[in-house]
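The values are calculated or read from the model by the stated rules, or taken from the named source; none is laboratory data. These figures come from a predicted structure and were not determined experimentally. Counting neighbours? That spans all protein chains shown, and the Cβs are built from the backbone with ideal geometry, glycine included.
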Amino acid sequence: MVEITEKEFIQLAKYIHSNYGINLKQEKMTLVNGRLQNILCKLNMQSFTEYFTYLTQNNNTDNSIIEMIDKLTTNHTFFMREADHFRFYQTQVLPELKSSIKDRDLRIWCAACSTGEEAYTLAILNSEFMGKEKLWWDTKILATDISLSSLEAAKAGVYTTERITPLPAKWKQDYFQLREDELWEAKDIIKKEIIFRRFNLMEEVYPFKKKFHAIFCRNVMIYFDQEDKNRLLQKIYSNLANGGYLFLGHSEAINKDKSGFRYVMPSVYRKTE
């Protein structure tokens, strides 16, 4: 087993923070050492210094970085996580947006979609709420994540029985199908409602042509330091339509006085009009 030195950890952590916003504190050194062992073994490397050189000088850097980020990020999620957000979205946000959006273009961004549970839940809520009127609306959801392996799982939309247990029985019947291998797969009727893309939230400029009516960026800022959180919130604010909603994780909060957001309920904020 290759042991990471403190100097190597600081060098790698600084690189990851500068480029991807992930704040690896000193107590994460053991975690980093353990999770990257298989990569070093596969590459037949004898030190983390050699690995860092490989990351920063290799022509295939992008794929190497994706592999590293996949190893270091938790990507833990499940259906109906923080369910009060979904109830609020269903009972308050959707009715309001339906009555106020004139061009029938509902723009929702799931900004850290992980393995897809959140994005599929939102797509189902849109479908259930709109009913037959959905035919005249564009309700496609943009779902992004930095982890390529998570995105591949999300696109596949395949889950164990245990994973989909929190969903209502009607949703399972209408939007999922049980396969021969006892796994549940999202039906095409709901898969086509989501656009999955890889995206790094630390990009300086966001490429979106239109602003979003709601952004779900839950349990992401826990990885960032305060300075990066502030920058992320500024970019989110700029990409929200006036009156748009921001959903954060329950363990996350923002300074509404400095950010320009208005507090709505725990971990839900609104862009001031």
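The table below lists the values:
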| quantity | calculated |
| --- | --- |
| Top-ranked residue in region 187-243 [being of a type in the set (D, E), in contact (Cβ under 8 Å) with a residue 24 or more places away in the chain and over 27 Å from G157 (Cβ atoms); ranked as surrounded by the most Cβ atoms within 10 Å (Cβ to Cβ)] | D228 |
| Number of positions in region 80-133 that are modelled with pLDDT of 95 or more, among the aromatic types (F, W, Y) and closer than 24 Å to L201 by Cβ | 4 |
| Residue satisfying condition, being in the same structural domain as Q173 (by TED's automatic domain parsing) and either exposed (fewer than 14 other Cβ atoms within 10 Å of the Cβ) or in contact with a strand residue (DSSP E or B) (Cβ under 9 Å, 6 or more places away or on another chain) (or both), within set S100, S127, S150 | S100 |
| Matching entry among M80, M130 (being touching a helix residue (DSSP H, G or I) at 6+ places or on another chain (Cβ under 7 Å) and not basic (K, R)) | M80 |
| From T73, T49, residue being in contact with a helix residue (DSSP H, G or I) (Cβ under 8 Å, 6 or more places away or on another chain) and modelled with pLDDT under 85 | T73 |
| Failed condition for L142, given (1) surrounded by 22 or more Cβ atoms within 10 Å (Cβ to Cβ); (2) not in a helix (DSSP H, G or I) | (1) |
| Which listed residue is under 25 Å from R107 (Cβ atoms), in contact with a His (Cβ under 8 Å, 6 or more places away or on another chain), in the same structural domain as G244 (by TED's automatic domain parsing) and among the aromatic types (F, W, Y), from F212, F199, F216 | F216 |
| Subset of region 11-51 that is surrounded by fewer than 18 Cβ atoms within 10 Å (Cβ to Cβ) and hydroxyl-bearing (S, T, Y) - its residue that is nearest to I65 (Cα to Cα) | Y15 |
